[in-house]
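The values are calculated or read from the model by the stated rules, or taken from the named source; none is laboratory data. All figures in this text were calculated on a predicted structure; none of them were measured in a lab. Here the Cβ is made from the backbone with ideal geometry for all residues, glycine too, and neighbour counts use every protein chain on show. Areas reflect the complete protein model, heavy atoms only, side chains present, ligands, DNA and RNA absent. Shrake-Rupley method; radii C 1.70, N 1.55, O 1.52, S 1.80 Å.
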Amino acid sequence: MRYPAIEVRGAVVAITGGARGIGRATAAEFRARGATVCVGDLDGGDLPLDVTVRESFDAFTAAVTDRHGRIDVLVNNAGVMPLGGFLEEPDDVGRTTLDVNVRGLVHGLRSVLPGMIARGRGHVVNVASMAGKIALPGMAVYNASKFAAVGLTAAVRREYAATGISVSAVLPSAVRTELASGVRLGGALPTVDPEVVAKAIAGTLKTRRAETPVPRWLAGWDLLAAVTPEPVMAWARGLIGDDRALTELDPEARSAYTRRIAAQVGRE
């Protein structure tokens, strides 16, 4: 599918959850490439935004459009990642995970797509995760949210392919941000810096690929998982320690992030 070109220089880019981590790095990357960037976040950013509330997202979209006349690119980046045992996770934490990581994407798409369709061009990047392909102990509801993000992206991409709007998923592996605090990185997933993910996100404006894993060599995971017997896969994943979110979680090192998630739960 060929999509109408969008030049990054001069493009109006809206980024959710852009006050820190991948979002902040993505904002810096787009600005360095000459784009006009508007960041929405609960804590900081250019504009207030609660992605779990449709009215908040519509207000964010309207504010960016009022300032700059349009939104060329939406980066649906806001996300949360609680860790720990499935049965031990409080219901309200799981609900927040699904609200932010899934409902937030739905709200973003429904908020910006009408304007993009009217102009006949636009690009949306849903920041998913390789956790949307690889199920890991200690991340069950987070896994569910990211599997949903991958499926949502694929379906909306197909539904609106003829309108000139591209919808892409970027799937980072373990990223060195606050989300991963308190867990020894490595093992089941390679680790990358947020700036590497940001470059991949910006790069989709040119490639318009359906999915972009980070690092790129993880694109072979679907085939590997399909042809490898489950007992062999379980044995190999056990060797590299795919259960670190359960067995090596440091609550003290993760306490600041846990408090931020708790604050988000309290807003609902």
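General remarks:
- Cβ-Cβ FRET estimate between residue 28 and residue 256, R0 fixed at 25 Å, reported to 0.05: 0.65
- Cα gyration tensor of the chain - equivalent ellipsoid semi-axes, whole Å, descending: 30, 22, 16
- Note on residue 58/residue 219: beta-carbon distance plugged into 1/(1 + (r/R0)^6) with R0 of 30 Å gives a FRET efficiency of 0.30.
- Cβ-Cβ distance of residue 158 and residue 88, R₀ of 25 Å, FRET efficiency by 1/(1 + (r/R0)^6): the value works out to about 0.10.
- Which of 107, 45, 161, positive extreme of dipole for the chain (C-beta unit charges): 161
- About its Cα centre, the dipole of the chain is roughly 1140 debye, where the only charges are +1 on Lys and Arg Cβ and -1 on Asp and Glu Cβ.
- Span-like helix ranges in the chain, DSSP H, alpha carbon extent 27 angstrom or more, Kyte mean at least -1.0: 140-159
- Neighbours of residue 132 by Cβ distance under 10 Å: Lys/Arg scored +1, Asp/Glu scored -1, total +1.
- From its DSSP helices (H runs of at least four residues, each -39,500 (n - 2.57)), the chain gives a residue-normalised ellipticity at 222 nm of -14000 deg cm²/dmol.
- One decimal place: the segment residue 235-residue 3 gains 79.2 nm when fully extended, by the rule 0.36 nm per residue minus the C-alpha distance.
- The chain: most fluctuating residue of 218, 74, 87 per GNM, C-alpha cutoff 10 Å: 87
- For the chain: relative contact order, % (alpha-carbon pairs under 8 angstrom, 6 or more apart): 20 percent
- Working ranking of peptides 198-211, 55-68 by packing, defined as the average number of other Cβ atoms within 10 Å per residue, highest first, is 198-211, 55-68.
- By accessible area, using a 1.4 Å probe on protein heavy atoms only, the chain has 57% of its surface on carbon and sulfur.
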